[in-house]
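Novice: Below: one structure in structure tokens.
The values are calculated or read from the model by the stated rules, or taken from the named source; none is laboratory data. All figures in this text were calculated on a predicted structure; none of them were measured in a lab. Here the Cβ positions follow ideal geometry from the backbone for every residue, glycine too, while neighbour counts run over all protein chains shown. Heads up: the accessible areas ignore ligands, DNA and RNA and are worked out on the full protein's heavy atoms, side chains in. Shrake-Rupley method; radii C 1.70, N 1.55, O 1.52, S 1.80 Å.
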Amino acid sequence: MDRIVIRGGVPLRGAVPVRGAKNAVLPLMAASILAEGPCVLHNVPCLHDVFSMDKLLADMGMRTEFTGRFMTLDAPTLNRPEADYDLVRKMRASFFVLGPLLGRFGKTRVSLPGGCAIGARPVDIHLKGLAALGATIDIEDGYVVAEGALKGADITLDFPSVGATENILMAATRAEGLTRIANAAREPEIENLACFLNAMGARVSGAGTDLITIVGVDHLRGVEHEVIPDRIEAATFLAAGVATGGEVTVLNARAEHLAAFLELLGETGAVVRVVGNRITAASPNGLRACEISTLPYPGFPTDLQAQMMALLTRADGVSRIEETVFENRFMQAAELVRMGADISVEGHIATIRGVTPLSGAPVMASDLRASASLVIAGLMAERGETAISRVYHIDRGYERIEERLAALGADIERVRS
Ligand code: UD1
């Protein structure tokens, strides 16, 4: 297994282009199932999760081609509307194929994804929504078997789940009549998905608000579509710059998707500049402690909580992070403590006392964002070497992170074994 080895203490400086968003491209790939002709996605990031979704679609018979930053998905060739356990268990987002398969074929069998390191992650909200659209849902041998001609319905989500909103939205594009999803998730990736579906001929309005309205249509055509920039990746690079006392600019970013994060960086004393699609952050005067509560969009993203935890070890005072979205998402804390951080965790709340200098250590990545936190900590460490194992987690969501951080001056390498 590869490791990432970092000798920290170098302030990162320079500019880095942001890639297409993982959490946008995965539902777009799933949505292409609905098209009656080939779709082409632009700005597709080269990520393991993208390869996993590609494999899943190919396994169903869909012809796909991924060259440069373009991906062609030829949905009409898809002839086996089933997603097997072996593929779904590797990536939860595989479950996003359920809604579009049901919408297109009226019958599908998709493995339940199971839990993952950051929590139990049930899919009850997805299933309740699809049942409200008229599907019969049975659980057989660990698989969801869904069937039925879909009819529009009024659906109120128990929680604004991103995946459930996307699954129900995709299915509803082919349901007869009007569907309203209330308490819908408002993430920019959902707006991007709705844009894609509308270009295909769907009639979706309100995406980006908590009430999405869909009028079902009979046909959806193949289209070309651009994936939005990855707001989590952009913020991770900015956090790494600030945490190392440097100055990083992210290019091709959308500040409006990062408002809660940028506001919080400002509260820590970092200086943030936005010029068009370039965002620069630096911390010339040190950092102050702050309070974070993760929330659904437009609140502070849970996907940035771990990176902020590493950064806050450099902030003067006592910081507090409350994780409200996932039940078990502080796994990076114990590894950061091994690097010299003073962090205590009680239930959903982590307390970080700073400033504590970090030193390098062998550490283990437990999930995607926790591994980004360990990379930042490794870059901050004033002495020693940090060797991060299980880096396949980071490859799921960050494209060649070591090369891009090295271009910002980091002493970082991937050691292949
Ligand atoms: C998506 C993102 C992930 C991000 C998360 C929250 C993708 C591919 N992944 O994941 O990066 O961390 O949103 O912003 O877009 N829940 C239920 N029942 C359900 C569905 C969800 O109880 O049927 C719970 C989950 O266990 C979790 C919370 O709701 O505690 C949020 O989950 P959700 O918004 O669904 O996250 P994902 O779509 O899985």
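Novice: Collect the residues in segment 82-94 that are touching a residue at least 40 places away in the same chain (Cβ under 8 Å), touching a strand residue (DSSP E or B) at 6+ places or on another chain (Cβ under 7 Å) and open to solvent by less than 30 Å² (accessible area, probe 1.4 Å), keeping them in residue-number order.
Specialist: Residue satisfying the conditions is 94 alone.
Novice: While we're on this one: Which condition number in (1) open to solvent by less than 50 Å² (accessible area, probe 1.4 Å); (2) of a type in the set (Gly, Ala, Ser); (3) modelled with pLDDT of 95 or more is the one that residue 75 fails?
Specialist: In the conditions (1) open to solvent by less than 50 Å² (accessible area, probe 1.4 Å); (2) of a type in the set (Gly, Ala, Ser); (3) modelled with pLDDT of 95 or more, residue 75 misses (3) alone.
Novice: For a quick check of your reading of the model, give me the residue pairs whose first member lies in segment 321-340 and is over 15 Å from residue 292 (Cβ atoms), whose second is within 10 Å of the ligand (Cβ to nearest atom) and of a type in the set (Gly, Ala, Ser), with beta-carbon atoms closer than 8 Å and at least 6 apart or on different chains.
Specialist: That search, which allows pairs on different chains as well, returns 327/119; 327/120; 328/119.
Novice: List, please: which pairs have Cβ atoms under 9 Å, are six or more places apart or on different chains, and start with a residue in segment 291-306 that is under 10 Å from residue 260 (Cβ atoms) and within 9 Å of the ligand (Cβ to nearest atom) and end with one that is open to solvent by less than 10 Å² (accessible area, probe 1.4 Å) and among the small types (Gly, Ala, Ser)?
Specialist: 297/185; 301/235
Novice: Here's something else I'd like to know. Quick check on residue 226: is it surrounded by fewer than 21 Cβ atoms within 10 Å (Cβ to Cβ), of a type outside the set (Val, Ile, Thr) and either more than 16 Å from the ligand (Cβ to nearest atom) or outside the structural domain of residue 160 (by TED's automatic domain parsing) (or both)?
Specialist: Working: surrounded by fewer than 21 Cβ atoms within 10 Å (Cβ to Cβ): yes; of a type outside the set (Val, Ile, Thr): yes; either more than 16 Å from the ligand (Cβ to nearest atom) or outside the structural domain of residue 160 (by TED's automatic domain parsing) (or both): yes.
Against the criterion (surrounded by fewer than 21 Cβ atoms within 10 Å (Cβ to Cβ), of a type outside the set (Val, Ile, Thr) and either more than 16 Å from the ligand (Cβ to nearest atom) or outside the structural domain of residue 160 (by TED's automatic domain parsing) (or both)), residue 226 qualifies.
Novice: List the helices (runs of 4 or more DSSP H) inside segment 118-211, counting only whole elements, that have at least 2 residues being open to solvent by 30 Å² or more (accessible area, probe 1.4 Å), more than 20 Å from residue 107 (Cβ to Cβ) and at pLDDT 95 or above.
Specialist: Details: elements: 124-132, 162-172, 188-200.
It comes to 188-200.
Novice: As an exercise: evaluate residue 232 against (1) open to solvent by 20 Å² or more (accessible area, probe 1.4 Å); (2) out of contact with any strand residue (DSSP E or B) (no Cβ under 8 Å at 6 or more places or on another chain); (3) not polar (S, T, N, Q) and give the number of the one condition it does not meet.
Specialist: Only one criterion is unmet by residue 232, namely (1).
Novice: Another question, if that's okay. Considering each of 99, 9, 14 in turn, give the residue that is in the same structural domain as residue 381 (by TED's automatic domain parsing), outside any strand (DSSP E or B) and in contact (Cβ under 8 Å) with a residue 60 or more places away in the chain.
Specialist: Numbers: 99 fails: in the same structural domain as residue 381 (by TED's automatic domain parsing); 14 fails: outside any strand (DSSP E or B).
Just a single option satisfies the conditions, and that option is 9.
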